[in-house]
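The values are calculated or read from the model by the stated rules, or taken from the named source; none is laboratory data. Predicted model only: the values in this text are computed from it and were never measured. We place every Cβ from the backbone using ideal geometry, glycine too, and count neighbours over all the protein chains shown. Only protein heavy atoms, including side chains, enter the accessible area calculation; ligands, DNA and RNA are left aside. Shrake-Rupley method; radii C 1.70, N 1.55, O 1.52, S 1.80 Å.
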Amino acid sequence: MPRRRIIRSNVLPYHITARVNNREDFPGELAYAWKVLVSELHLQRILHGIRIHAFVLMPNHFHLMVTSPEETIDSVMQGYMSSVTRILNARYGRTGHIFGGRYHWTLIAGPAYFAHAMKYVYRNPVKANLCESVTDWPYSTISGLFGQIFLPVAIDQPCLLLDRLLPEFDSFLDWLNQAHRMEEDEAINPAPKRKTLPPPTDPH
C-alpha cells in the first residue's frame, strides 16, 4: 500500500495542539510554563519567520494557530518543542519527554474556518470551566491583546477580516464569548485524522 501523502503548506495557517506526556499537567507552575512557551514562540518567530495568530496554554496541552511561510512546520515545531522540553527539564531537575509524542495539526482552509478555529482556541479555558470570559485566562494571547497581561510576542491577527465576518456582534470580544453550537465544536476540533477541514459556511 502506498504511503499517505503528507500535506504541508507555507501559505495556509495551521491549528496545532500538543499534550503533555500521559495527559499529565505541565511540570511546576503553569505561569512559568507560559513564560517559557511564549518566549520560545517569539524565538521561533525571529529565527524562522513564523506568523503567530493565537496561542493558549492549558494545564496539560496547548493550542497554537500559526503560519510558517519560510520553514516547514515540522522543523519549526521540532525545534520549538525540544527547546521547551530542555528548559522545563532543567528548571525542575527532570529528564525525558515533556510532550506525549508528536503534535497534531490541521490546515485552516478558509477565512470562515480561521474565525471559528480562533474562537475554538480562545474559548478552550471557558469550556474547561477555568474562567468565565476568554480574557480572564492569563495564559492566552487574547488576554495580552486586550491589555490584561504583558505579551512578549507579536500576534499577526487579521482583525479587519474578522470584523467583516462578524457584522451582527458589537465587538470581536463579544463574539468570542458567544459559545459555539455543539456541531461547530465537533467540526473544528483538530482530531489527528483530520488534516484539512471544510470551513463552516458562516461565523455564527
Expected output is a single nm value to one decimal: the length gained when fully extending between Asn89 and Asp156, i.e. 0.36 nm times separation in residues minus the C-alpha distance. What is it?
21.1 nm
Defining a contact as two alpha carbons under 8 Å apart and six or more residues distant in sequence, what relative contact order in percent does segment 12-91 show?
38
What percentage of the solvent-accessible surface of segment 23-105, computed with a 1.4 Å probe over protein heavy atoms, is contributed by carbon and sulfur atoms?
49
Grab the other residues whose beta carbon is less than 13 angstrom from that of Leu57, score K and R as +1, D and E as -1, and report the net.
-1
Please give the net charge around His48, taking every other residue with its beta carbon less than 9 angstrom from that of His48, where Lys and Arg add +1 and Asp and Glu add -1.
-1
Convert each backbone phi in segment 60-68 into a coupling constant with the Karplus relation 6.51 cos²θ - 1.76 cosθ + 1.60 (shift: θ = phi - 60°), then list the ³J(HN,Hα) values in order as whole Hz, x for Gly and Pro.
10, 6, 9, 10, 9, 10, 8, 10, 10
Per residue value of the accessible surface for segment 1-127 (all protein chains in place, 1.4 Å probe), Å²:
47
With point charges of +1 on the Cβ of Lys and Arg and -1 on the Cβ of Asp and Glu, referenced to the Cα centre of segment 1-138, which listed residue (Val134, Ala90, Tyr80) lies farthest in the positive direction of the dipole?
Tyr80
Tally Lys/Arg at +1 and Asp/Glu at -1 over every other residue whose Cβ is under 14 Å from the Cβ of Leu30; what's the total?
-1
In segment 62-163, trypsin sites (Lys or Arg not before Pro) in a DSSP loop with at most 16 other beta-carbon atoms within 10 Å
Arg94, Arg102
